[in-house]
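I have placed the structure first, in the form of structure tokens, so that the comments after it can refer back to it.
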Amino acid sequence: MEEKILKIKENALVDIEKAQNSKELEEVKNKYLSRQSELNNFKKSLKDIEPSLRPKIGSLTNEVSKYLEEKINEKYNEFYKSELNAKLNSEKIDVTLDSAYIPFGKVHPLSATINEIVEIFEHLGFSLIENKLSPEVELEKYNFDLLNVPKEHPARDVQDTYYSYAGENVVLRSHTSNAQIRQMQNSHPPIKIVSPGRVYRNESVSARKNNLFHQVEGLYVDKGVTFAHLKGVLNEFIRLYFGSARPTRFRNSFFPFTEPSAEIDVQCIVCQGKGCSTCSGSGWLEILGSGMVDPNVLKGVGIDPEIYSGFAFGMGVERLAMLKYAIDDIRLFFNNDERFLKQF
Ligand code: PHE
């Protein structure tokens, strides 16, 4: 019996030596140390052998199984290290390789420009007002009448404004200036707001004009607001938006809802002021209309022009984006061509 056990030990050691990897070693372990192994059978049959021999055989089987277990573990540790290293080497990641292309959604250049404009004015103390205070489908009253635009003014002509008749005259707003009226009717001075949004004009589409475009309206009404404030705020806006390098000029203008009125031009980025097709040869591009709120407009919304004064402005978002990024065709903003949108 003792011999048999020692023979098992010998065979086991040979098998352990022969095992090439942890899987084969696992098989060896099963063969010699599992419940069904020969050694275990000896342990089970101890009760059948002569009592005087039991302790000796018992402790021998225990010794041998303990010894084999140690040997197997030793070898297993060796395999574990080398196999882990092999695995790590084969799965090595080259972090310098290009990653798979994952297309990202991006903010549209017009939204980005609006955000940037609004941020600058917030920095200058203006608040962004809610969209519902300046609807795109608007009563003629807010788009024109309360803005002191006379009934026979050419801007009301069907050629410029999209009309619809629904009991009252309804228009697609032709500018964001309706926000001025709605804001003044809804609050009291001091008012210092900006309101961005879409506007519509019935124009033939070209590289310079689209029948849908965006404006940011601004309004500041308080006691003692002067044209100096208007110039200071708009100059500061231009400096922050373009950086101080871009030449600009204030030019006399006329709007029915402001008096006096001024337009601001920025030097054409395409020709640097020399004159080209983008700026119709003038070297300048208009970016905004502005002026001191006409007393008639203040009266119309119940604000006393003897006590309060204000300035307003409306700027073209597409224009501002085109000037900053040297884009020569307004239609690019609306075509959803990925090759264009990806560049922002
Ligand atoms: N609403 C004018 C336009 O669209 C711009 C403007 C706004 C002018 C506010 C003066 C004051 O042309």
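The values are calculated or read from the model by the stated rules, or taken from the named source; none is laboratory data. The structure presented is a predicted model; accordingly, all values stated were derived computationally and were not measured. Cβ: placed from backbone, ideal geometry, glycine included. Neighbour counts: every protein chain shown. What goes into the accessible areas is simple: the full protein's heavy atoms, side chains included, and nothing from ligands, DNA or RNA. Shrake-Rupley method; radii C 1.70, N 1.55, O 1.52, S 1.80 Å.
Residues in region 203-226 that are open to solvent by 70 Å² or more (accessible area, probe 1.4 Å) and within 14 Å of the ligand (Cβ to nearest atom): 1 in all.
Listed by first and then second residue, the pairs with beta-carbon distance under 7 Å, at least 6 apart or on different chains, first residue in region 266-291 and in a strand (DSSP E or B) and aromatic (Phe, Trp, Tyr), second away from the ligand (no atom under 16 Å from the Cβ) and open to solvent by 10 Å² or more (accessible area, probe 1.4 Å), are 284/249; 284/267. Within region 256-276, does at least one residue satisfy the condition of being among the small types (Gly, Ala, Ser), touching a strand residue (DSSP E or B) at 6+ places or on another chain (Cβ under 7 Å) and crowded, with 18+ Cβ neighbours inside 10 Å? Within region 256-276 (the criterion being among the small types (Gly, Ala, Ser), touching a strand residue (DSSP E or B) at 6+ places or on another chain (Cβ under 7 Å) and crowded, with 18+ Cβ neighbours inside 10 Å), the answer is yes, since at least one residue qualifies.
You will find that of 232, 224, the residue that is more than 14 Å from residue 289 (Cα to Cα), out of contact with any Asp or Glu (no Cβ under 7 Å at 6 or more places or on another chain) and part of a helix (DSSP H, G or I) is 232 and no other. Within region 180-196, the set of residues being more than 10 Å from the ligand (Cβ to nearest atom) and either closer than 25 Å to residue 161 by Cα or surrounded by 24 or more Cβ atoms within 10 Å (Cβ to Cβ) (or both) comprises 181, 182, 183, 184, 185, 194, 195, 196. On the given criteria, is residue 297 more than 12 Å from the ligand (Cβ to nearest atom), in contact (Cβ under 8 Å) with a residue 24 or more places away in the chain and not in a strand (DSSP E or B)? So residue 297 does not fit the description; no. Scanning region 312-342 for residues that are in a loop (DSSP other than H, G, I, E, B) and open to solvent by 20 Å² or more (accessible area, probe 1.4 Å) returns 326, 328, 329, 334, 335, 336, 337, 342.
Enumerate the pairs (first residue in region 126-146 and surrounded by 18 or more Cβ atoms within 10 Å (Cβ to Cβ); second residue anywhere and in a loop (DSSP other than H, G, I, E, B) and of a type in the set (Phe, Trp, Tyr)) with beta-carbon separation below 9 Å, excluding pairs fewer than 6 apart on the same chain, so at least 6 apart or on different chains. Pairs that qualify, where the first residue is surrounded by 18 or more Cβ atoms within 10 Å (Cβ to Cβ) and the partner is in a loop (DSSP other than H, G, I, E, B) and of a type in the set (Phe, Trp, Tyr), are 146/257.
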